[in-house]
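Input: a single structure, listed below in C-alpha cells.
The values are calculated or read from the model by the stated rules, or taken from the named source; none is laboratory data. Bear in mind the structure is a predicted one, so any value in this text is a computation, not a measurement. Here the Cβ positions follow ideal geometry from the backbone for every residue, glycine too, while neighbour counts run over all protein chains shown. We work out accessible area using only protein heavy atoms, side chains counted, and drop any ligands, DNA or RNA first. Shrake-Rupley method; radii C 1.70, N 1.55, O 1.52, S 1.80 Å.
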Amino acid sequence: MMHYKLIFLFCSVLSGIYCSDTSYDSISDVYLEHELIPNAGFTKRSSILVNLESRNDVVSTTTINDSDIQLLKQLASKNELYRLKVTVRTLSGKETRFLTFTRACLIVGSKLNDILTLHLDHLDSPFAVNLATTSNNCNSFNELDTSNFTTTVFFRRPESSPVPDTATYIQKMERERDAREKGKSSNNKSMLGKYWMYILPLVIFMMIAGASNPEARQ
Amino acid sequence: MVSKLIYAALLSSFLFTVNGLYEDQAGKFDWKQDYVGEVKFSSIDVDVTTKRLYVATEKNVVASLAIDTGDIIWRQILEKGPEGSVELIHPTKSKIITVSGVDVIKVRGWDVKDGYLHFEWSTESSYALYLFVFNGLLHNVYYSNNLIAVDTYHLETGVKGKATYTFPAHWFSGSDRCALSSGSLACLDVDGKLNIGSLIKSNTDRLGLDMIGDKIEAIPGSPIPAFIVTNKNVEKLVYVKENKILVRSSTSRSSSFIYTYMADRQYLLQISSPMQDTIVTEGSILEDSTVIESLSSKESKSSLKISNPRISSAFCGRSKANTVNCVALVSTQDQSLMLLKMPGSIKWHREESLTNIINVEFVDLPVSDIEAAIEKEFGNKESFLDHSVSTGAFSMFVRRLFSQLQQLRTLFATVLGIIESPSETTGTKSNLVRDQFGLHKIIVTVTSAGKIFGIDNLNGEILWSVLLCGVGTFYENRVNGLPSAPMHLQRNSKHLSYSPMCTLLLKSEKIQFVYIYPINGESKNGVTQVPYRVVQAVPLPVLNIEMVRSLILFDSSNSPHLYPADTPLSSKPPPLYIYIANPTNGLLQGFTVNVPISGKELSAKEVWKTQFNKPTQIIAIGSRDAMEHVHSQGRVLSDRSVLYKYINPNMVAILTLAPDTTHKSVLTLHLLDAVSGIIIYSVVHKRASHPIHLVHSENWLLCSYYNDKTRRTEIASYELYDGNQLSNSSDFSSVGGSLIPPIVEKQAYILPGFLQAMKPTITEKGITSKHILMATTTGHLLEVPWAFLDPRRPLGEPKEEGAIPYIPELPMPSESMINYNKSLMRVDGIYTTPSSLESTCLVFVYGLDLFYTRVAPSKTFDVLKEDFDYLVIIIVTHILLISAYVTKNLASQKALKQAWK
C-alpha cells in the first residue's frame, strides 16, 4: 500500500514538472525593424538571439549601411520619431509583435547605443517592449561617427506583491511585552517610592502656602 | 520608555484627524434616499389598518411601501445576483412569502408589519420551469423525460406534498413558446394550435384551439388562465372560463391586467402611453367588452415622462357614487414606479432607475445675473469666469454706464414690485445660482434605464429628467457586461455667454451623441450622429472658439476625428498622445495625434503597442483625476532631506487578471506611461480574486482584492518616489525620458471586511491631506486617512515625523463611518469632487441608496466653526476701539498738561 502511494506521489511530481515544461515556452530571438522615412514602412534592422535560461542581459552589435545612417540623420534633424517594430519569437514558433518609439535625435545623440527592455509576465512570456537610449543628448547629431548599432536587451519580470507583515508585527509585540515585563520586575517599587522626590517638595510647598494665609481657610 | 511616550503622543495626535460628527450635525450636510429597484412583483394590501404595498424587485429586495405616500416602511435585501433573485411573491393575511433563488429555491415568510423573517426553508430544484402557489401549496413545475412533473410543497413548512404529478408533455414546446397563468400551462405548437392544460389536478385533460402565434405571454394578476397571443403584431386575448377557451381581440401597444371583482366578474384594465407625457387607461368587463366609463381616462402632464407602462398590481372597489374605482401600481420601462388612481391621477411616483446609476458628473451652477453683470462691468481678468468682453477704455466706460442703468432699473422695479427677485431670469428655479464656496452643484446622473437626472446636491431633489427613448443603446463593458455611458462635460459654467453643455456617447447603428444643458436638462438640437463607430473619446487640452472642449474620437480603423467637427480651435494644441485598450484581447496601443488649429485633417500615428498574452483580461485602468493637483512635491525625512515624489501626469495603472493553473488567478498591476508606452513597474498578486478595486492618486496606488489563500480582503499600497533629487525639475517629458525606474515603496494591509467601492477624496488645490472613502458590504462608509495606508509606515523606528507605526490590520473606528447610522447597501460607486473651499470635498455614493455628504479631511481650516462666537469678537473689537479712542484723548490731555508745566 505504502509503495503505491509513493509511486503515485512520484508520478504526480513528475507530471507536474512535465506540465510546467510544456507550458514553458522560452523566447528564442528578437527581430527588429525600424522606420527611417516617416510613414514609409519598416525595414529590417537586426535579429538578436536570446537565451532566457542564462538569465543574462544580451548585448548585440549590428552594422547598418550608410544610406540608412543618412536617413537616420535626416529623421533626427527634422525632430521626428524613430519607431521600432519588435517581433519576439519563441522556441515553438509563436510570434508576438510590439511597437515602441523614441525621438530620432536621441538615437543619433547616443551614438546608436540603445537599450531594449523586454517585460515578461509571471509565466515568462513577453507583453511589452520598451526602447530607450543611453544618453539624453539631443543636440550633437552631426558628430555621428559609427554605423554600428549597439543594442542591450534587458529582461524585466514583475515583482511579487507585498503581504501583510503579521509575523514581524507579532514578534515586535512580543518583544515589547517582554521588555515591559522585564522593566516591571526590575522596577516594581510603588509610585510613592519612585517619585518621592517630586511629591515631597509639592507637599511642603502646599503646607507652607496653607500656613501663610490662615484667614482663607476660615 | 521615551519611545513609548513618543508613540503615545503620535497616536494621540492622530486621534484628532478622525472626523466624528456631532449629533445635531446629522442630516445637516448630508442626505440619503432609499430605493427598492425596478419592481418585478407586487401586491396591494388594502386592509384599512395597514394600507400597504408589497414589492419584490430586480435588485433582490423585498419591501413594503405606504399606499398613500410611496414611502418605504420596511425593506429586506436578499442575496446578490441570481441566488437571491425573487421568482414569486405570495401575500397571506399576516405574512408575505417570497420564493427566491435559481438552483436552490429559498422560501421565506416576512411579517407584513415590520418585515421580520418568520420562517425559511429551502429545497434544491435544478430544472424548475415555473413556480406557482395554489391552495397553500408551492408547485414546482419541471420537465423530465418527456414528462412535465409537478412537485408540491407546503408553503410554510416545506413539507413535500403527496406525490409528484406527471403529465405527458408531447405538446410542451419549450419555455419560450409556453406561458403559465393561474396554474394552467398554455403552449403554442408548431402546427398552429394552442393547448392549455391545468397543472393543479392530476388529470390529463387539455383544451385546444386553432391559433397561430409567435409569442405568448401570461396576463399578470389574473385569477383565471389568461394569455396574450401575439401574431405579427396583432394581439389576441385568450382566457379560460368554465372550461372553455374564449378569445377577445385586444388593442395593441397597451399593457393588460385582469382584476377579479366580486368572485365571478373580471375586469380588464389596460394602460398605455402613446406619448411620453400622457397616460391612457381603459377598463372593461372581460366577457362582453363593455367599457367602464369610470375607469377610462386620459391624462397628460408636461412633467411626466413615461414609456411602456405596465400594471403590476391593482385593487378595485365601489365608490359612494356607485361607480368602480381602482388603484393600480404601474411600473414603466424607465423603471419608475407610480400609483395610479382610476379615475383620477397619479398619487405618487418613485424613480427607481436611480438604483442603476452608471455615470455621475457634478456640474457647477452658473453665477447669478447680478454677479455676472458686475464681472462684466469690471472686466476682471483674474476672475475665474470667462466673460469674453473687450477691455478698451471707451468700451469699458460705455459698459459701465449701461450696467449702472440696468441696476437702477432693477432697483426701481424691485421697489415698485414688478419683479420679485432680480435673479429670477436665470432659470426656472431662482436659487440655482453659484454660491460663494462652490458647495451648491447639480448632480447629473445617467441610469441604465436610459433616464438622465439632474439632482440638486443640497437636498437631493430631482430638478429635471430626460428620457432617452429610442435614441440609442449604451456601450457595454466587455469584461463585466455592464452598460457604460461615457459622459463629457464639454463646456462648464464659467463662460458667461454660453450655457454649460454635457455630451453623452450612445451607440446605435451609427454612433450618437446627446447634448444636455445640465442646469435645466434641456437638450436643444439634442442628438447628433456620426458615420463611424467610436472606440475612444478623449477631450482636447484646448477649447474651440465656442468655448467647447472638443473631443477626439477614434473610430474602429483607428483614425481620429474631431467633434464638434466644423469649429476651429482657439489655439493649436500640443502633440497629443492617446492610448486605446482592448480589455478582452489585452491589446494596448498608443497613438500620437496632430491636431491643426482649424480642426480639420487630423492625423494619427501608432507609436507603441503592448500585447498581453491570452487569456489575460484588462479589468481596470486607473488614471489620476484630471482635476487633481499635487501641492507638495516631496516628503521631509527625519534627517531633514527631502524625498521627492514621482509625479508623472501620464502614468496610468493597468490591472490585468489571468487564470492560472497553480494560483487559481493572478492579478498583475502594471504602471504604464501612456505617452511613451514604457512599463514603469509591474507587480504580481497571486491568488487574488474579485472584488478588486483600484485607486490611483498623486504618487500612490491602492489595490484591494480578495486573497483566496488567506481568505480575507487585502489592500496593497504602492508609493513612487524619485529619490533625493528631482529628476525632471524643469519640464516633464515622457518621450525620451529617463529609463531609471522610480523607487517603489510597497506594503500590504488587512481590511477586516469586504469592500464594495473605494475612492480618494479630492480638493481644489491638493493642500488638504487625502482620505480614502471605502464602502463596505456591511453598509458603512469609512473615511480612512491615507496615512494609515502609507507603505512607509515603519515597522521599527520611525523614518519621518508623524509616521504611524505599522499595524497589519486597518482600524475601522466607528467615528470614521461618515454615514453614521444610515447604512448604505449595494454600493456601486463613490463620486468625489472638489468644492471651491480647499478644505471640503463633496461625496456622492450611489447604489441601492443614494447618499450625499461633504467631508473635510484636514478639518475645515478655512471656514469659521458653526458655533463661532461672533458676539464676543464684536464686543472685544468694540471695547478695544473705544478704549483706544479714550486713551488717545487722555494721552493728548496729559500731553497738553505736560506742555503747560
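The rule of thumb for compact globular proteins, 2.2 N^0.38 Å, goes into the C-alpha radius of gyration of the stretch B:301-358 1.29 times. In the frame of its principal axes, the stretch B:554-604 has Cα extents of 38, 19, 13 Å, reported largest first. According to the Cα-based calculation, Rg over Rh for the stretch B:433-527 is 1.00, with Rh computed by the Kirkwood formula. Computing Rg and the Kirkwood Rh from the Cα coordinates of the stretch B:714-869 gives a ratio, Rg/Rh, of 1.02. The distance separating the Cα centre of the stretch B:47-123 from that of the stretch B:784-832 comes to 37 Å. Relative to the longest principal axis of the Cα atoms of chain B, helix B:393-416 runs at roughly 50 degrees.
Once Rg and the Kirkwood radius are both taken over the C-alpha atoms of the protein assembly as shown, their ratio Rg/Rh works out to 1.03. The Cα center of the stretch B:596-627 and the Cα center of the stretch A:64-79 differ in position by 29 Å. A loss of 10 Å² or more of accessible area (1.4 Å probe, protein heavy atoms, ligands and nucleic acids excluded) relative to the isolated chain is seen in these residues of the stretch B:754-802: B:LEU795.
For B:LYS32, the aspartates and glutamates whose Cα falls under 16 Å of its own Cα, not counting residues fewer than eight places away in the same chain, are B:ASP71, B:GLU351, B:GLU352, B:ASP456, B:GLU461, B:ASP828, B:ASP849. Overall dimensions of the stretch B:825-900, expressed as equivalent-ellipsoid semi-axes from the Cα gyration tensor (√(5λ), whole Å, largest first), are 57, 11, 6.
Solvent-accessible area of B:ASP364, all protein chains in place: 40 Å² (probe radius 1.4 Å, heavy atoms, ligands and nucleic acids excluded). Taking the stretch B:77-173, which chymotrypsin sites (Phe, Trp or Tyr not before Pro) meet the DSSP loop condition and have no more than 13 other C-beta atoms within 10 Å? In loop regions of the stretch B:77-173 (DSSP not H, G, I, E or B), the sparsely surrounded chymotrypsin sites (Phe, Trp or Tyr not before Pro) are B:TYR116, B:TYR127. For the stretch A:51-174, the direction-averaged projected area of the alpha-carbon convex hull comes to 11.5 nm². Cα extents for the stretch B:87-149 along the principal axes, largest to smallest and rounded to whole angstrom: 44, 22, 14.
Return the tail of the calculated pair distribution for the stretch B:167-250, meaning the percent of Cα-Cα pairs more than 15 Å apart. Value for the stretch B:167-250 (Cα pairs over 15 Å): 51 percent.
Taken over the stretch B:164-214, the alpha-carbon convex hull comes to 79 cubic angstrom per residue. Rolled with a 1.4 Å probe across the full set of protein chains, the surface gives B:THR69 an accessible area near 80 Å². The residue among B:PHE591, B:PHE394, B:VAL234 whose Cα reaches farthest toward the positive pole of the charge dipole of the protein assembly as shown, with charges on the beta-carbon of Lys, Arg, Asp and Glu, is B:PHE394.
Volume per residue of the convex hull around the Cα atoms, evaluated for the stretch B:284-330, comes out as 117 Å³. Counting DSSP beta bridges in the protein assembly as shown, what percent are antiparallel, to the nearest 5? Given both bridge residues lie in the protein assembly as shown, the antiparallel proportion sits at roughly 95 percent. Relative to the longest principal axis of the Cα atoms of chain B, the long axis of helix B:2-15 makes an angle of roughly 60 degrees. I want to verify the translational diffusion coefficient of the stretch B:29-153 in µm²/s; compute it with Stokes-Einstein, Rh as the Kirkwood radius over Cα pairs, at 4 °C and 1.567 mPa s. Answer from the Stokes-Einstein relation: 84 µm²/s. The per residue volume of the convex hull around the alpha-carbon atoms of the stretch B:648-791 is 126 Å³. Of the accessible area of the protein assembly as shown, computed with a 1.4 Å probe over protein heavy atoms only, carbon and sulfur atoms account for 55 percent. What distance in nm lies between label points placed 7 Å from Cα along the C-beta direction at B:LEU482 and B:GLU124? A separation of 3.3 nm, rounded to one decimal place. With all protein chains in place and ligands, DNA and RNA left out, the 1.4 Å accessible area ranks A:GLU174, B:GLU714 as A:GLU174, B:GLU714, largest first. Considering all C-alpha pairs of the stretch B:587-730, those separated by over 20 Å amount to 58%. Please list, by residue number, everything in the stretch B:341-374 whose backbone N is under 16 Å from a paramagnetic label point 7 Å out along Cα→Cβ of B:GLN33. In the stretch B:341-374, the label zone of B:GLN33 (backbone N under 16 Å from the point 7 Å along Cα→Cβ) covers B:348-363. What residues of the stretch A:76-111 lose no less than 50 Å² of accessible area with every protein chain in place versus their chain by itself (probe 1.4 Å, heavy atoms only)? Residues of the stretch A:76-111 that lose at least 50 Å² of accessible area once the other chains are added: A:LEU81, A:ARG83, A:LEU99, A:PHE101. Rg of the Cα atoms in the stretch A:112-169, relative to 2.2 N^0.38 Å, amounts to 1.80. Candidate cross-link partners of A:LYS85 among the lysines, defined by an alpha-carbon separation under 27 Å and a same-chain spacing of 8 or more, comprise A:LYS44, A:LYS73, A:LYS94, A:LYS111, B:LYS605, B:LYS609, B:LYS614. Note on B:ASP214 and B:ASP639: the extension gain reaches 144.9 nm, defined as 0.36 nm multiplied by sequence separation minus the Cα-Cα distance.
Based only on the alpha carbon positions, what is the Kirkwood hydrodynamic radius of the stretch B:779-845, in angstrom?
Kirkwood radius, the stretch B:779-845: 14.4 Å.
Taking 4.7 Å between beta carbons as the limit, the unpaired Cys residues of chain B are B:CYS469, B:CYS502, B:CYS703, B:CYS841. In plain terms, if you count all Cα to Cα distances in the stretch B:513-627 and split them into 5 Å steps from zero, the share in each step is 2, 10, 18, 19, 19, 15, 10, 5, 2, 0 percent.
Cross-link partners for B:LYS59 among the lysines, with Cα-Cα distance under 16 Å and sequence neighbours closer than 8 places in the same chain left out: B:LYS40, B:LYS80. Available extension along the chain between B:SER144 and B:TRP348 is 68.8 nm, counting 0.36 nm per residue and deducting the alpha carbon span. Residues within the reach of a label modelled at B:MET812 (point 7 angstrom out along Cα to beta-carbon, backbone nitrogen below 20 Å), restricted to the stretch B:744-762, are B:748-761.
Roughly how large, in nm² to one decimal, is the mean projection of the convex hull of the alpha-carbon atoms in chain B?
Mean projected area of the Cα convex hull: 55.4 nm².
Computed with a 1.4 angstrom probe on protein heavy atoms, the B-A interface buries about 3600 square angstrom of accessible area in total.
The Kirkwood radius of the stretch A:81-123, taken over pairs of alpha-carbon atoms, gives through the Stokes-Einstein law at 25 °C and 0.890 mPa s a diffusion coefficient of 201 µm² s⁻¹.
A 1.4 Å probe run over the protein chains yields, for the stretch B:739-873, 38 Å² of accessible area per residue, whole-number rounding. Remark on the stretch A:32-88: ratio of C-alpha radius of gyration to 2.2 N^0.38 Å is 1.33.
Note on the stretch B:637-781: lysine pairs with Cα distance below 22 Å, sequence gap of 8 or more or different chains, count 12. For the stretch A:146-170, heavy-atom accessible area (probe 1.4 Å) falls by no less than 10 Å² from the chain alone to the full protein assembly at A:ARG156, A:PRO158, A:GLU159, A:SER160, A:SER161, A:PRO162, A:VAL163, A:PRO164, A:ASP165, A:THR166, A:THR168, A:TYR169.
From the P(r) of the stretch B:84-219, could you give the percentage of C-alpha pairs in the tail past 20 Å? Distances greater than 20 Å cover 48 percent of the Cα pairs.
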